[in-house]
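These notes concern the structure reproduced below.
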Amino acid sequence: MTRKQFFLVFMIPTFIILFFLAFYPLLNAFYYSLQNWDLRSSRPIRFVGLKNYIQLFTDARFLNSLRISLLWSVITVGFSVFFGAGLLAPLINDNAKGSFRTICLFIFIIPALLPRVGAAYMWRLMYSSSIGIINYFLSFFGIGPIGFLENPSYALYSVAAIDIWQWSFLIAALTIILLQDIPKEIIEAGSLDGAKRWQLYRFIIFPVIVPPFLSIFFIKMMESLRSFDFIFVLTAGGPGVATETLDMYAYWQGIGSAGRVSYASSMSIVMLVITIILITIVWRGLVRWHE
Amino acid sequence: MARVNGKDIFYKIIIILVLLIALAPILWMFLSSFKSRVDIISYPPKFIFTPVMDNYKRVLQMPTLMHGLRNSLTIVPISLLLGFIFGVPVGYIFARIKFKRSADLRFFILSLRFMPPVAVALPFFLIWMRLGLLDTIPAVIFTYLTIAISTMIWLTIECFKQVPVECEEAAHLEGCTQFQVFSRIALPLAIPSILGMCIFIFILLWNEFFLAFVITSQRAVTMPVASAAFAVVGMEVPWGQICASVILLSIPPLILSYFFVKFLPYFFKVS
């Protein structure tokens, strides 16, 4: 088998599948988004042009979900990178050696590998305002009981805390592994020159781990768009619409209860466009900053 | 010296507290899964109680959950295997063969992983509905290929790049065909890290909720979907059963995480 045959034999089937999986659903969604298809209605399906899109941007509930999604991403990315790379990774890297360090790493990746549905239930049990262990501990300090999931002002942050819990530890573990790869000589040379601990991090370690770290940051950002599992199990978008993210709203509209397939399709197209724009901006920015 | 030791102990305590935060939710749910119906909803929460197996017994007799478990055990390995067959050779091609548009195709693969789930789920729901395949195992497997193949390609590129290129060049000079170089040299050398990636993808698919939730309802539900059904069951939350089913759901990822951690270094660098 020549190189060219090998290339064609393996590339073509895989990319046929991938192109189909990627573009067929999206083209379909775009097609439906121009119609007025409604699963709960018997009226004939016809084309309505951009009506769904125009309606979207006057839909207060849609604009609210857009805001919630954005807030969700900023909170979860910001805090998990801060806790994970900023606090936990240096703590372990400087203070845990040998097998203790390996145990720490092992425990750190556990929260992220748990099924998100499972993690959501674990926290829902702990958050409960009637039987929850968190409110029990808070009661020692005379606080509470707090309705973590029932109070509209806390609900989003309470759910985001779970995502931050999962990701801080994972990001910490990944950062520690990155730190391990830095040649010891560089760090020793730095210490001999009398550099302080933070100076070592700032001027020697930081520049070395930035490129791989940026890809971790990027992955976390993209994963933040997947908030549905937590929100569905913990609040289902409530109370009211306090935790209703874009995917939650699109789900209710298209599949859940309303059956407005076309309207929900236009929402998923808008979401896709926003994601593509964001990815491109962030990706370009990261690349430029790195250079 | 004494001051250093004091500082040492201080940091050790902090680390242990941190580890406790990482594990507390899992431990608490594990404990609760052995509580009786009365103990689980008592306040203040009970730390000492008579453990009972009632919750597990009940969960193991629930048809939906057992059905979900069987479906997951079918869907996830098959998707993973197909991901391997279609993904690994392509990962090798990206790592070793230069061709036009290589970077664009790689970005396409990356972007598959990052498509907003709703943008994928809703069209798939409609497609499977029209084909009459909604709520069937083949539909779930085919949908999961989006994740399995793209992640497999993306992760194995790095695995193959770590194989010393000299080995492959030597094999080429010996007159091996490209396929032989791949199957006899590159694949065996990269297989440890590729297996690590397979574990990762297994966990990813095992935990997947949203897509399965949208395209299944009864016959083809996966384990996470079956467990999540408790969330909408009604007013009284059956905490005992939830705890037991969540622990069952979490066992495979927890066991695999032990193997996974050994492969973690492969994710970034050859050791």
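The values are calculated or read from the model by the stated rules, or taken from the named source; none is laboratory data. Because the structure is a prediction, the values reported are computed rather than measured. Virtual Cβ from ideal backbone geometry, glycine too; neighbours counted across all protein chains shown. Surface areas here come from the heavy atoms of the whole protein model, side chains and all, with no ligands, DNA or RNA. Shrake-Rupley method; radii C 1.70, N 1.55, O 1.52, S 1.80 Å.
So which of B:Met62, B:Met29 ends up being within 8 Å of another protein chain (Cβ to nearest Cβ) and in contact (Cβ under 8 Å) with a residue 60 or more places away in the chain?
Going through B:Met62, B:Met29 in turn, just one is within 8 Å of another protein chain (Cβ to nearest Cβ) and in contact (Cβ under 8 Å) with a residue 60 or more places away in the chain: B:Met29.
Report, by residue number, each residue of the range A:22-58 that is surrounded by 15 or more Cβ atoms within 10 Å (Cβ to Cβ), of a type outside the set (Phe, Trp, Tyr) and within 30 Å of the chain's Cα centre (by Cα).
Within the range A:22-58, A:Ala22, A:Pro25, A:Leu26, A:Asn28, A:Ala29, A:Ser33, A:Leu34, A:Asn52, A:Leu56 meet the criteria.
Looking for whichever is of a type in the set (Ser, Thr, Tyr) and touching a Lys or Arg at 6+ places or on another chain (Cβ under 8 Å) here; the options are B:Thr151, B:Thr222, B:Thr156, B:Thr177. Which one fits?
B:Thr151
Restricting to helices (runs of 4 or more DSSP H) lying wholly in the range B:77-188: which have 2 or more residues that are more than 22 Å from B:Val221 (Cα to Cα) and more than 9 Å from chain A (Cβ to nearest Cβ)? Give the steps one after another, and end with the answer.
Values: elements: B:102-113, B:117-130, B:137-161, B:165-173.
Passing ranges, in order: B:102-113, B:137-161, B:165-173.
Quick one: which residue in A:Val282, A:Val273 is within 12 Å of chain B (Cβ to nearest Cβ), open to solvent by 30 Å² or more (accessible area, probe 1.4 Å), out of contact with any Asp or Glu (no Cβ under 6 Å at 6 or more places or on another chain) and at pLDDT 85 or above?
Answer to the selection: A:Val273.
Quick one: is B:Lys57 part of a loop (DSSP other than H, G, I, E, B) and charged (D, E, K, R)?
Spelling it out, it is not the case that B:Lys57 is part of a loop (DSSP other than H, G, I, E, B) and charged (D, E, K, R).
Hey, among A:Ile45, A:Ile17, A:Ile12, A:Ile92, which residue is outside any helix (DSSP H, G or I), within 14 Å of another protein chain (Cβ to nearest Cβ) and not aromatic (Phe, Trp, Tyr)?
Result of the check over A:Ile45, A:Ile17, A:Ile12, A:Ile92: A:Ile45.
Restricting to the range B:40-61, name every residue that is at pLDDT 85 or above and buried (at least 17 other Cβ atoms within 10 Å of the Cβ).
B:Asn55, B:Tyr56, B:Val59
Output yes when any residue across the range A:118-137 is open to solvent by less than 50 Å² (accessible area, probe 1.4 Å), at the interface with chain B (Cβ under 7 Å from one of its Cβ atoms) and closer than 21 Å to A:Ile182 by Cβ, and no when none is.
Scanning the range A:118-137 turns up no residue that is open to solvent by less than 50 Å² (accessible area, probe 1.4 Å), at the interface with chain B (Cβ under 7 Å from one of its Cβ atoms) and closer than 21 Å to A:Ile182 by Cβ.
Of the residues A:Ala236, A:Ala161, only one is within 14 Å of chain B (Cβ to nearest Cβ), surrounded by fewer than 22 Cβ atoms within 10 Å (Cβ to Cβ) and assigned to a loop (DSSP other than H, G, I, E, B); which?
None of the others qualify; the one that does is A:Ala236.
With the requirement that a residue be surrounded by fewer than 16 Cβ atoms within 10 Å (Cβ to Cβ), assigned to a helix (DSSP H, G or I) and either within 14 Å of chain B (Cβ to nearest Cβ) or of a type outside the set (Asp, Glu) (or both), what does the range A:174-186 give you?
Within the range A:174-186, the first condition is being surrounded by fewer than 16 Cβ atoms within 10 Å (Cβ to Cβ), and the residues that meet it are A:180-186.
From the residues that got through so far, the ones that are assigned to a helix (DSSP H, G or I) too are A:180, A:184-186.
If the condition is that a residue be surrounded by fewer than 16 Cβ atoms within 10 Å (Cβ to Cβ), assigned to a helix (DSSP H, G or I) and either within 14 Å of chain B (Cβ to nearest Cβ) or of a type outside the set (Asp, Glu) (or both), then A:Gln180, A:Lys184, A:Ile186 are the ones that fit.
For the range B:83-111, give me the residue count where each residue is without any contact (Cβ under 8 Å) to a residue 40 or more places away in the chain and buried (at least 19 other Cβ atoms within 10 Å of the Cβ).
1
May I ask you to list the residues in the range A:23-42 that are assigned to a loop (DSSP other than H, G, I, E, B) and away from chain B (no Cβ under 11 Å)?
Result: A:Leu34, A:Asn36, A:Asp38, A:Arg40, A:Ser41, A:Ser42.
Look at A:Ile219 and say whether it is within 17 Å of the chain's Cα centre (by Cα) and more than 8 Å from chain B (Cβ to nearest Cβ).
Details: within 17 Å of the chain's Cα centre (by Cα): yes; more than 8 Å from chain B (Cβ to nearest Cβ): yes.
For A:Ile219, the condition - within 17 Å of the chain's Cα centre (by Cα) and more than 8 Å from chain B (Cβ to nearest Cβ) - is met.
Condition check ((1) open to solvent by 30 Å² or more (accessible area, probe 1.4 Å); (2) more than 28 Å from A:Arg197 (Cα to Cα)) across all residues:
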{"residue": "A:Ser65", "(1), (2)": "no, yes"}
{"residue": "A:Ser69", "(1), (2)": "no, yes"}
{"residue": "A:Val74", "(1), (2)": "yes, yes"}
{"residue": "A:Gly78", "(1), (2)": "yes, no"}
{"residue": "A:Phe82", "(1), (2)": "yes, no"}
{"residue": "A:Ala89", "(1), (2)": "no, no"}
{"residue": "A:Asn93", "(1), (2)": "no, no"}
{"residue": "A:Gly98", "(1), (2)": "yes, no"}
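What's the total number of residues in the range A:258-270 that are open to solvent by less than 70 Å² (accessible area, probe 1.4 Å) and part of a loop (DSSP other than H, G, I, E, B)?
Counting residues in the range A:258-270 that are open to solvent by less than 70 Å² (accessible area, probe 1.4 Å) and part of a loop (DSSP other than H, G, I, E, B) gives 2.
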